[in-house]
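**Student:** Next up is a structure, given as structure tokens.
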Amino acid sequence: MADAKKKSVVLSAKSVTREYVDGERKLEVLKGVDLDVHEGEFVSIIGQSGSGKSTLLHLLGALDRCSSGSVRLKDQDYVGLSDAALAKVRTTQVGFVYQFHHLLPEFTALENVMLPGMIARVSQGAVAQRAQALLGKVGLAERLDHRPAKLSGGEQQRVALARALMNNPAVVLADEPTGNLDAKTSAEVLEFLINITVNEGKSLVMVTHDQSIARRANRCFHLQSGKLSSAKADPA
């Protein structure tokens, strides 16, 4: 993917650290991470298992708090926010996609996508209309009433993509979103993900071990020994 034109910074991490204390033992996972993500930019993060990639995503998405440093989403600095305020940021400004879809098995595809909107207390009519539109964008207009057990793995992940976009977030954070899929289905899901995020002006930050996916990003970073550095994916 070509380099993104310089646009406004949507998500910014400055000197972010994260450490965990277990008795007398201190584990430093992140050691001063800096990252700016621009509007409409696709950023990929690669690194070995256990390098802290998921920890970084959790901090960027207001799922966890930094030990030091700061994270800012648009004009909102996470530092000093209450738990309730952080929850509001997660609900209204961030979309999450994981390796496993985490759909509720008793709900239909439409109902699963509607959930974030209902949690945000948007009117049911507006939520249903947007959920239908999003499922149409990921090619599931004919599968609205199907429960997850009746959908393929790729279809389930596409429902999860639509759900992540329900509240029109500024940024989507994806943690190995194709890691549980075969190569063909993985490519299909990636195309849907790019089309409904970056191609519509949203920012996408993706953790992946897949070099071919990493190369699709506007910028690729390598997380190693708690430090984030600019990187190029390995040649195919």
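**Student:** Output the number of residues of region 17-36 satisfying the condition of being more than 29 Å from residue 219 (Cα to Cα) and basic (Lys, Arg).
**Tutor:** 2
**Student:** I need every pair where a residue in region 184-206 that is free of Cβ contacts under 8 Å to residues at least 40 places away in the same chain has its Cβ under 7 Å from the Cβ of a residue that is hydroxyl-bearing (Ser, Thr, Tyr) and crowded, with 20+ Cβ neighbours inside 10 Å, sequence separation at least 6 or different chains.
**Tutor:** Note: pairs meeting the criteria are 186/178; 189/178; 190/178.
**Student:** Can you find a residue that is in a loop (DSSP other than H, G, I, E, B), within 19 Å of the chain's Cα centre (by Cα) and either crowded, with 20+ Cβ neighbours inside 10 Å or touching a residue at least 12 places away in the same chain (Cβ under 8 Å) (or both) anywhere in region 26-36?
**Tutor:** no
**Student:** With respect to residue 163, determine if the residue is of a type in the set (Lys, Arg), closer than 28 Å to residue 76 by Cβ and assigned to a loop (DSSP other than H, G, I, E, B).
**Tutor:** So residue 163 fails the test.
**Student:** Look at residue 58 and say whether it is closer than 15 Å to residue 205 by Cβ, surrounded by 15 or more Cβ atoms within 10 Å (Cβ to Cβ), free of Cβ contacts under 8 Å to residues at least 12 places away in the same chain and not aromatic (Phe, Trp, Tyr).
**Tutor:** Spelling it out, residue 58 is indeed closer than 15 Å to residue 205 by Cβ, surrounded by 15 or more Cβ atoms within 10 Å (Cβ to Cβ), free of Cβ contacts under 8 Å to residues at least 12 places away in the same chain and not aromatic (Phe, Trp, Tyr).
**Student:** Within region 31-53, count every residue that is more than 13 Å from residue 175 (Cα to Cα) and in contact with a Cys (Cβ under 8 Å, 6 or more places away or on another chain).
**Tutor:** 0
**Student:** If I ask for residues that are in a helix (DSSP H, G or I) and either of a type in the set (D, E, K, R) or in contact with a Cys (Cβ under 6 Å, 6 or more places away or on another chain) (or both), which ones from region 182-219 would you list?
**Tutor:** Correct list: 184, 188, 191, 200, 214.
Quick note: the coordinates plus some simple rules give every number you see, no bench work behind them. Owing to the predicted nature of the structure, the values given are computational and were not obtained by experimental measurement. Counting neighbours? That spans all protein chains shown, and the Cβs are built from the backbone with ideal geometry, glycine included.
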